[in-house]
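Values quoted throughout were computed directly from the atomic coordinates according to the rules given, and no laboratory measurement underlies them. Just so it is clear, the structure is predicted and the values come from calculations on it, not from any experiment. Every residue, glycine as well, gets a Cβ built from its backbone with ideal geometry; the counts of neighbours run over all protein chains shown.
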Amino acid sequence: MIPKDQPDLKEHGTFFSLMIIIFANLLLLAVLLCLTLDYLTMKDFAFNWWNNFLNLCEAFLRKLTAIIPF
């Protein structure tokens, strides 16, 4: 729960602060997942995440070029 009138939310903006909080939580969960599983290392996790990100970007660009031909 995020209390009202936090100085960091006022100073940097709610969106930016909440994105940092969400990113930190996801990073913590990823590290804990890699520590608990024997077959998954942080290197493998990062490699798989990056490949999935690139696949998503490629699919997005294919859809975009189908809608707006360049």
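Here are the numbers for the structure shown:
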| item | result |
| --- | --- |
| Qualifying positions in segment 1-40 - among the small types (Gly, Ala, Ser) and surrounded by 12 or more Cβ atoms within 10 Å (Cβ to Cβ) | Ser17, Ala30 |
| Within segment 1-37, tally of residues that are on the phi > 0 side of the Ramachandran plot and of a type in the set (Val, Ile, Thr) | 0 |
